[in-house]
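So the structure is just underneath, and the comments pick up after that.
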Amino acid sequence: MADLSLRHVNKKYSSNTSAVKDFSIDIEDEEFVVLVGPSGCGKTTLLRMIAGLEDLTDGEIYIDGRRVNQLSAKDRDIAMVFQNYALYPHMTVYDNMGFALKLKNLKKKDINRKIEEAAKILGIEHLMDRRPAALSGGEKQRVALGRAIVREPKIFLMDEPLANLDVQLRGQMRIEITKLHKTLKSTMIYVTHDQIEAMTMGDRIVVMKDGEVQQIDTPENIYNHP
Ligand code: ADP
Ligand code: ADP
């Protein structure tokens, strides 16, 4: 539900090493972009900068044409889903999903409705009173997705969300996330090491290496013409 532009984005954690170098891309509204590349090439750093969790050393980020460099994470209307789920361990599934909505001062009735809708989509209605420790890996990842969905973010960032799941569950969740993207019409950046995910989910694939864009193209062109 938003277009996203990165202009010459750079990140240095220390003076002599660049994690992300001169990274530029225009991502269209509702586009599903898959980000691939070797470990340490800067994928997570890039997502964290887009989400507002990490300052840029240089460059600009625009959402719907508006420069957001100065906006805090909570004002960017972006949700991020992590590989390790990052659920709040002391809270129930319901409270995990409602936490961000409470911070927004939504009415209890509206919070309830949003959580119920998301839980239904993800098939986790029966888990609402559990704590994360009592969930399987697949259930945890559904809750993590649910916590992001209820916020109805314009932009979804997913950092290897399925990496900790077994092969069968990964295949199932891959299809569910694709459906979710079609339903929510959000703009998506999805990091993965899985070639099947990259080939089947992405409108475009960005190949990163040493902090730089190496290639941006459709899955067909990337995988058929190496
Ligand atoms: P990827 O997600 O592709 O594995 P990262 O974005 O995690 O890559 O890391 C990119 C580079 O930045 C790596 O060299 C990594 O060691 C370095 N890096 C990541 N986070 C930090 C940090 N908080 N402080 C210093 N260096 C970091
Ligand atoms: P996995 O196959 O991912 O290892 P588990 O064996 O952890 O899954 O869990 C299997 C099922 O049992 C899941 O539906 C999970 O929600 C449920 N479960 C696991 N631990 C508890 C618990 N402490 N209390 C209630 N239900 C639990």
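Here Arg170 meets each of (1) in contact with a strand residue (DSSP E or B) (Cβ under 7 Å, 6 or more places away or on another chain); (2) of a type in the set (D, E, K, R); (3) open to solvent by 40 Å² or more (accessible area, probe 1.4 Å) with one exception, condition (1). Scanning region 83-99 for residues that are open to solvent by 60 Å² or more (accessible area, probe 1.4 Å) and in contact (Cβ under 8 Å) with a residue 60 or more places away in the chain yields Gln83, Asn84.
The residues of region 120-139 that are at pLDDT below 95 and in a helix (DSSP H, G or I), listed by number, are Lys120, Ile121, Leu122, Gly137, Gly138, Glu139.
Test Thr57 against the stated conditions and say whether it is within 16 Å of ligand 1 (Cβ to nearest atom) and either under 24 Å from Thr218 (Cα atoms) or out of contact with any strand residue (DSSP E or B) (no Cβ under 8 Å at 6 or more places or on another chain) (or both). Talk me through it step by step, then tell me what you get.
On the way: within 16 Å of ligand 1 (Cβ to nearest atom): yes; either under 24 Å from Thr218 (Cα atoms) or out of contact with any strand residue (DSSP E or B) (no Cβ under 8 Å at 6 or more places or on another chain) (or both): no.
Spelling it out, it is not the case that Thr57 is within 16 Å of ligand 1 (Cβ to nearest atom) and either under 24 Å from Thr218 (Cα atoms) or out of contact with any strand residue (DSSP E or B) (no Cβ under 8 Å at 6 or more places or on another chain) (or both).
Does at least one position in region 60-79 carry a residue that is β-branched (Val, Ile, Thr) and under 22 Å from Asp194 (Cα atoms)? Break it down stepwise before answering.
First, the residues of region 60-79 that are β-branched (Val, Ile, Thr): 61, 63, 68, 78.
Then keep just the ones that are under 22 Å from Asp194 (Cα atoms); that gives none.
Looking through region 60-79, none of the residues is β-branched (Val, Ile, Thr) and under 22 Å from Asp194 (Cα atoms).
To keep it simple, each residue is scored yes or no on (1) farther than 22 Å from Val36 by Cβ; (2) more than 16 Å from ligand 1 (Cβ to nearest atom); (3) not polar (S, T, N, Q).
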{"position": "Tyr88", "(1), (2), (3)": "yes, yes, yes"}
{"position": "Thr92", "(1), (2), (3)": "yes, yes, no"}
{"position": "Asn96", "(1), (2), (3)": "yes, yes, no"}
{"position": "Gly137", "(1), (2), (3)": "yes, yes, yes"}
{"position": "Leu145", "(1), (2), (3)": "no, yes, yes"}
{"position": "Gln172", "(1), (2), (3)": "no, yes, no"}
{"position": "Leu180", "(1), (2), (3)": "no, yes, yes"}
{"position": "Ile189", "(1), (2), (3)": "no, no, yes"}
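If you go through region 24-45 and keep only what is among the charged types (D, E, K, R) and under 18 Å from Lys11 (Cβ atoms), you end up with just Lys43. For Ile63, the conditions (1) touching a residue at least 12 places away in the same chain (Cβ under 8 Å); (2) in contact with an Asp or Glu (Cβ under 9 Å, 6 or more places away or on another chain); (3) away from ligand 1 (no atom under 16 Å from the Cβ); (4) open to solvent by 20 Å² or more (accessible area, probe 1.4 Å) are fulfilled apart from (4).
Is it fair to say Lys102 is open to solvent by 60 Å² or more (accessible area, probe 1.4 Å) and either farther than 23 Å from Val206 by Cα or free of Cβ contacts under 8 Å to residues at least 60 places away in the same chain (or both)?
Details: open to solvent by 60 Å² or more (accessible area, probe 1.4 Å): yes; either farther than 23 Å from Val206 by Cα or free of Cβ contacts under 8 Å to residues at least 60 places away in the same chain (or both): yes.
In short, yes.
The single condition from (1) open to solvent by 20 Å² or more (accessible area, probe 1.4 Å); (2) in contact (Cβ under 8 Å) with a residue 60 or more places away in the chain; (3) in a helix (DSSP H, G or I); (4) in contact with a Ser or Thr (Cβ under 8 Å, 6 or more places away or on another chain) that His181 fails is (4). Answer yes or no as to whether Gly202 is touching a Pro at 6+ places or on another chain (Cβ under 7 Å), modelled with pLDDT of 90 or more and within 23 Å of Met49 (Cα to Cα). Answer is yes for this residue. The residues on offer are Glu54, Glu116, and the sole one that is open to solvent by 30 Å² or more (accessible area, probe 1.4 Å), over 22 Å from Glu28 (Cα atoms) and outside any loop (DSSP other than H, G, I, E, B) is Glu116.
The values are calculated or read from the model by the stated rules, or taken from the named source; none is laboratory data. The structure presented is a predicted model; accordingly, all values stated were derived computationally and were not measured. Glycine gets a Cβ as well: all are built from the backbone with ideal geometry, and neighbour counts include every protein chain shown. Ligands, DNA and RNA are stripped out before the accessible areas are found, and what is left, the full protein with its side chains, is counted by its heavy atoms. Shrake-Rupley method; radii C 1.70, N 1.55, O 1.52, S 1.80 Å.
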